[in-house]
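Q: Have a look at this one.
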Amino acid sequence: MNSILGIKDATKRYKTPDGGTITALNGVSLDVAQNEFVTLLGPSGCGKTTLLRSISGFEDLEGGSIEIDGAAVTHLPAHKRPVNTVFQRYALFPHLTIARNVAFSLEVAGTDKEDTKRRVGEMLELVGLAGYGDRKITQLSGGQQQRVALARSLVARPKILLLDEPLSALDKNLRQKMQQELKTLQEEVGIAFVFVTHDQEEALTMSDRIVVLSGGKIQQLGAPEDLYRRPENEFVAGFVGEGNLLDAKITSVDGTRATAVLNSGQRTGITHSGLAQNQAVKLLVRPEDVEVGAPSNADDLHFKGRVSQVFFVGTDYLVHVTTDSGAEFKATLRPSAHNRTSLASPGTEISLTVPQSALHVITEEKVV
Amino acid sequence: MDIRKSTKHCATSAFAIFAASAASAEGELNLYNWGDYINPAVLTAFTEETGIDVNLDTYGSNEEMLARIQAGASGYDIVFPSVHMHDVMHTLGLLAPTNIGQHPDFANIDPQFVRAETDPDAEYCLPYAWGNVGVVYNRTIVENMDSWADLFDLAASGERIILLDDSRETIGIGHIMNGTSVNSTDEAEVVAAADIIRANLANVSAFSYDSIPLVISGDVAAAHWYVGANIFVQQNPDVLAYYIPSEGATMYQEDMCVLADAPNMENAVQFLEFYLRPEIAALNVEQQMNGTPNIPAQALIPSEIANNQTIYPDDDVLGQLQIFVDLGQDLRLYNREWTSIRTSQ
Amino acid sequence: MSGLETNEGRKKLALFGLLTPPTIFLGVFFLVPLGIMVVYSFLEPGLYGGVVWNFYDLNYGRILGWADSRYEQFDPVYLIVFLRSVKLALTTVILSLFICYPAAFWISRMSDARKSFFLFLITLPFFVSLVVRLFAWVLILRPTGFLNQGLMGAGIISEPLELMFTNTAVVIGMAYVFIPFMFLPLYASVEKLDMSLVEASADLGATRLQTFRRVILPMTLPGIIGGSIIVFIPSLGNFIVPSVLGGSRVLMIGNLIEQQFLSARNWPFGSALGMLVMAAVLVLLMVYVRIMTKEEEYANATKVKEG
C-alpha cells in the first residue's frame, strides 16, 4: 500500500476543569493510502475530531508520531503541513470575495498573479461556481458556501484533504447530494480524503474505509461492508446500522464449527474460529435478514411474538417485535404488493425466521 | 483670572456648608465665592447668631462667576468680585445698593480700600480682603531670594520654576521688571512685557496654580504664588519661604457685593454688617492669612500674621504693589500675547 | 383618520411614540447648543463676555487669514495649535491602541468570571474624579515621583527623567483617561472574531504574521477605527490633561477654547475655534459611519445560512 498518511500510537490527554484527565486519543495507529477516502466515525467525544486536528496541526500529540508522504510532521505547525481542512462551519473569510477566499492559500504562498487567477478559475469551475468569483460570501446559500470551502482547501493541491463534519449544517436532501458530489470530487482530484462524521449512514455511503473510534481507541478499521457485516465487537455492531444481538453459549466445538444454544433453548450451528466450550457469545442479526414464517432449515432460528411498534421507513417497515420469551426483536419487512398492512400492525401475532447464514458471531465485549 | 485661594485649586469642587445649628425659619443665605476663600468658622458664627442657614458655592475666576450671574436666576445673594470686576458688574447693573458705607461700623474700614471707581462711597459693596502675589520657594534648594530677577536666574541655573496660569499676572511680571504699569494698554509696552516671559520661557516648567505640593517636595524650586502660601510656610518653616519681590508685585482685592436679583436681600445685608465687626474679620484672617481692610481687626489677629511683612508689608513696599483694573477691549492685547507665549516652545 | 385603524397605522404610531423622545432630547441637548455655537461664531464679542448681535466674520478671519486690526489679527498660531493637537491626539490614539489591542485578545480568552472582573476593572477609574486621578499622575511622573524613584532604584537611569509638564506626560495622561473608550469597542470586535477563521488561515498555510495582516486585522478593523475615533475626538478637544500634566506648557486647541470663554471673555472667537474642531470631528464621523456600514455586512456574512 502506498501510504500518504501514517499515524503511529497517537496519544493525547486533556485536563478537565475539575482536575481529572480525559484520554482523547489512546494509542491510535492508522495508515491512509493515496486516493483513499477514509472516514473517522464515532459518537461525540470519541476522539475523531482530536485525531483530525492532530493531522492538521492544531493539536500537539503527547505521544506517537505522524508522517505525511514519508515526512515526519508530528511537531510541525499547522501552516507548514501539506494538508488542508474543510471546517464544520466552513470558516470562510467574510471580508473577502469568493475568488479571494479561494486564492487565499496561493496568495500567502506567493504564487504569481496569473497562475493564481487561472487556478482559482479552475477550482471554481470544478465545484460548479464558475462566474461567482466576485460575489460576497453573504450572497451564497449554505451549499454554495460548502463548495467555496472545498475549492479553497483544494486549490493549493494538498496531499490530504481533511473534512470536519462538513455536511452537518446542511439539510438532508442537500446533504445526500453533497455526499455524492464529494465522492466524485475525491475521485477527480485523486488525493486522500480524511472525513470526520458521527453519521454512520454518511460514513457507509462515501468511504473506502471507515475507522470506528470510541473512547480514544480504534474499535474497528475496515471497508463499510466489513463493518456492517462483520463487526468485531458489540460497540461497532451497535453503532453501525441497526441490529439484534442474541445471547448464546457455545456447547460444542469442532474446529471452526461450533454449536450455540440461545436463552430460548434453540440450537444452531455456527462457523467461527477460536471458540471454546461454554464460551458466552453474541449473535448479530441484521433486521433485513429476518424473514416472516416458519423456518425451512433445522439450523435456522425461529421466534414467535407480537408486533409492538411499526415504523414506515420508505420502502420497508421496521417492525419491533416482543418475542414470547420477552426479548425485543427488530425486523425489516418488505410487504408484498397484495399484502401491505396485515403483517405490520401492532398487536399482530407474528412468526419470524432467522436463516443460519445471517448469523454473525461476536466474541468481544464492548472495547472502551 | 486669578485664584484667591489658600489651599489646593479645584475649580470644579462646589460644596455647601450647612450650619451646625438646627435649620431655622430665619431663611437662608447663598454665597458664591472663590474656592477656599472664607473661613468656615465665620459662616458657622453667623448661623449661630442669626439662625440663617448659609450655603456656599465656589468659582475659579471672575469671568466664570460673571458668566453665571449674567445667565440670570443664579439664586446667589453675595458674590466676591475683584475690584475691577466690581466695576464691571456695577456697570452691567448686576449689583444691589446696600448703603453699607453709611453703617456706623463702616468706620472700621480703612478708606484706601474703597477702590472701585464706580462705587466711591461704598453704597454697594464692602471691601473684603486683599493680598499680594509673590514668590514661594524651597529653602533646601535655594538659600535666599528676593526679586523677580532672582527667580529667573534660578530658572536659568537649571532649577525648575512655575508661573501662574494667568495672562495678566504673568505678563504683569514683565511689566514690573520693565517698570511699566501692569494695566498698560500700550501695545509696545505689553509686547515688551511679554518678551521678558518669552525670553525666559525655556526655563519655565509650567504655568499652573497647583505648584505648592511640587515646591514642598522639591520637584520645583520656586513658584509664582499668592500670599496665602504663608499657610504652607507656617506648616513647613524649614522648607518653604515666601517673599514679595523687591522690584514690586501685584496685589489683589475682593469686595463683598450683594446681587441685584438676590433672593435673600435682607439676610445678605445682614451678613455684610456682620462682617464689619473686627472680631469676625480677624477670625477670617486667622485661617486665610491674608490682609483685611478692617483696622481694629488688625489688632486682634495673631501677632505672627500681623507682623509678617509679606502679609502686612510696610508702606514703602505697599506703595510698590499694583492692582489690576479692567482693560475693556484692550484685554485682547494680553490674550494675544498670552496665546503667543503659551504656544512657543 | 383611517391610518390608526390598521396594523400599519398602529405600527407607525408606535414608531412615532418611540422616536419622539430621543429626537426631542437630541434636538434640545445637541442641536440647539450646536446652533448657538454656529450663530455665536459669526457675532461680535461683548465687552464683558456674551455677544453683540452684529454679523462679524473676523472670528474666522483670525484663524483663517483675513483679519487685520488692532484687536483682531490673523495669527497662524491657531492653526498650528490645532495641528499640534491633532498630532497629540493621534499619538494618544496609537498609544492606547497598542495597549488595548493585545489586552482585548488577552481578556477575550479568559473564563467568563475573570472576563467580567477585568471589564469591571477597566471601568473602575470612572468612579473617581478625573482631576484627582490626574493629580495622581503628577505624583507618579514628577522628578521625585514613583516612576523616577522606581527606575533609579532599579539602576535603569541615574538622573530623573523629565516627564512632568511635557508632551509625553500629556499623551500618557490622555491615553490613561481614554483607554476605556478604546478598549470597549476593540474588545467587542475582538470577542466577535471567529477563532475558526484564524485556524482556517493557518491551515491554508499563512504564517502568524500573514494571518494577522490578512484575517485578524481586517476582521477587527471596525473596532480599531471605532475605538480610535472615540479616543481621538475627546483627545483633540481636551484641556484638563494638558493643563494638569502639561502644566499649560503643552497647549492644545481645547485650552485655547477654554481660555476664550473663561478668561479672554471672547465667546464668539471661542465658538469659531470650536467649529474648527467640530468640522474635523464631522469628517471623522462620516468616515466612521461608512466603516460601520461595512461592518454590518461582515456581521451578516458570519451568519452561515442553515441548509
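Q: Filter segment C:150-201 down to the residues that are within 14 Å of chain A (Cβ to nearest Cβ) and either buried (at least 24 other Cβ atoms within 10 Å of the Cβ) or out of contact with any Ser or Thr (no Cβ under 9 Å at 6 or more places or on another chain) (or both) and list them by number.
A: Correct list: C:195, C:196, C:200, C:201.
Q: Scan segment B:62-98 for residues that are closer than 14 Å to residue B:120 by Cβ and away from chain C (no Cβ under 14 Å) and jot them down.
A: B:83, B:97
Q: Still on this structure, please answer the following. Could you please find all residues in segment B:165-214 being under 20 Å from the mean Cα position of the chain (by Cα), at pLDDT below 95 and hydrophobic (A, V, I, L, M, F, W, C)?
A: If the condition is that a residue be under 20 Å from the mean Cα position of the chain (by Cα), at pLDDT below 95 and hydrophobic (A, V, I, L, M, F, W, C), then B:207, B:212 are the ones that fit.
Q: Just checking, which of A:73, A:86 is within 11 Å of chain C (Cβ to nearest Cβ) and either of a type in the set (A, V, I, L, M) or within 24 Å of the chain's Cα centre (by Cα) (or both)?
A: A:86
Q: Among (1) crowded, with 19+ Cβ neighbours inside 10 Å; (2) over 12 Å from the mean Cα position of the chain (by Cα), there is one condition residue A:177 misses while meeting the rest; what is its number?
A: Result: residue A:177 passes all but (1).
Q: Return yes when residue B:41 is at pLDDT below 70 and exposed (fewer than 14 other Cβ atoms within 10 Å of the Cβ) and no when it is not.
A: Spelling it out, it is not the case that residue B:41 is at pLDDT below 70 and exposed (fewer than 14 other Cβ atoms within 10 Å of the Cβ).
Q: Sticking with this structure for a sec: Within the group B:340, B:246, which residue is part of a loop (DSSP other than H, G, I, E, B), over 17 Å from the mean Cα position of the chain (by Cα) and either within 14 Å of another protein chain (Cβ to nearest Cβ) or among the small types (Gly, Ala, Ser) (or both)? Break it down into steps so the answer makes sense when it comes.
A: Working: B:340 fails: part of a loop (DSSP other than H, G, I, E, B).
Going through B:340, B:246 in turn, the sole match is B:246.
Q: Name the strands (runs of 3 or more DSSP E) wholly within segment A:1-73 that hold at least 2 residues that are of a type outside the set (Phe, Trp, Tyr), in the same structural domain as residue A:188 (by TED's automatic domain parsing) and touching an Asp or Glu at 6+ places or on another chain (Cβ under 7 Å)?
A: Ranges flagged: A:3-15, A:21-33, A:63-68.
Q: How many residues does segment C:240-269 hold that are in a helix (DSSP H, G or I), within 9 Å of another protein chain (Cβ to nearest Cβ), under 19 Å from residue B:197 (Cβ atoms) and touching a residue at least 60 places away in the same chain (Cβ under 8 Å)?
A: The number of residues fulfilling the criteria is 1.
Yes/no per residue for (1) closer than 30 Å to residue B:104 by Cβ; (2) free of Cβ contacts under 8 Å to residues at least 40 places away in the same chain; (3) in a helix (DSSP H, G or I):
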residue	(1), (2), (3)
B:219	no, no, no
B:224	no, no, no
B:232	no, no, yes
B:237	no, yes, no
B:274	yes, no, yes
B:280	yes, no, yes
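Q: Next question. Is it the case that segment A:31-40 has a residue that's more than 24 Å from the chain's Cα centre (by Cα) and either within 28 Å of residue A:240 (Cβ to Cβ) or among the β-branched types (Val, Ile, Thr) (or both)?
A: No - not one qualifying residue is present in segment A:31-40.
Q: Report, by residue number, each residue of segment C:45-74 that is facing chain B (nearest Cβ under 9 Å), under 29 Å from residue B:94 (Cβ atoms) and part of a strand (DSSP E or B).
A: C:45, C:47, C:49, listed by residue number.
Q: Hey, can you tell me all the residues within segment B:129-151 that are more than 15 Å from the chain's Cα centre (by Cα), buried (at least 21 other Cβ atoms within 10 Å of the Cβ) and closer than 22 Å to residue B:195 by Cβ?
A: Answer for segment B:129-151, where residues must be more than 15 Å from the chain's Cα centre (by Cα), buried (at least 21 other Cβ atoms within 10 Å of the Cβ) and closer than 22 Å to residue B:195 by Cβ: B:148, B:151.
Q: If residue C:77 meets every condition in (1) over 30 Å from residue C:171 (Cβ atoms); (2) aliphatic (A, V, I, L, M); (3) within 14 Å of chain B (Cβ to nearest Cβ) apart from one, which number is that one?
A: So residue C:77 meets the others, but not (1).
Q: Can you name the residue in segment C:83-109 that is touching a Phe, Trp or Tyr at 6+ places or on another chain (Cβ under 8 Å) and among the hydroxyl-bearing types (Ser, Thr, Tyr) and is also nearest to residue C:274 (Cα to Cα) among such residues?
A: It comes out as C:92.
Q: From the list A:315, A:259, which one is touching a Lys or Arg at 6+ places or on another chain (Cβ under 9 Å), outside the structural domain of residue A:21 (by TED's automatic domain parsing) and assigned to a loop (DSSP other than H, G, I, E, B)? Step through it out loud before you land on a result.
A: Details: A:259 fails: assigned to a loop (DSSP other than H, G, I, E, B).
Just one listed residue meets the conditions, A:315.
The values are calculated or read from the model by the stated rules, or taken from the named source; none is laboratory data. Because the structure is predicted, anything quoted here is derived from the model rather than measured. Cβ: placed from backbone, ideal geometry, glycine included. Neighbour counts: every protein chain shown.
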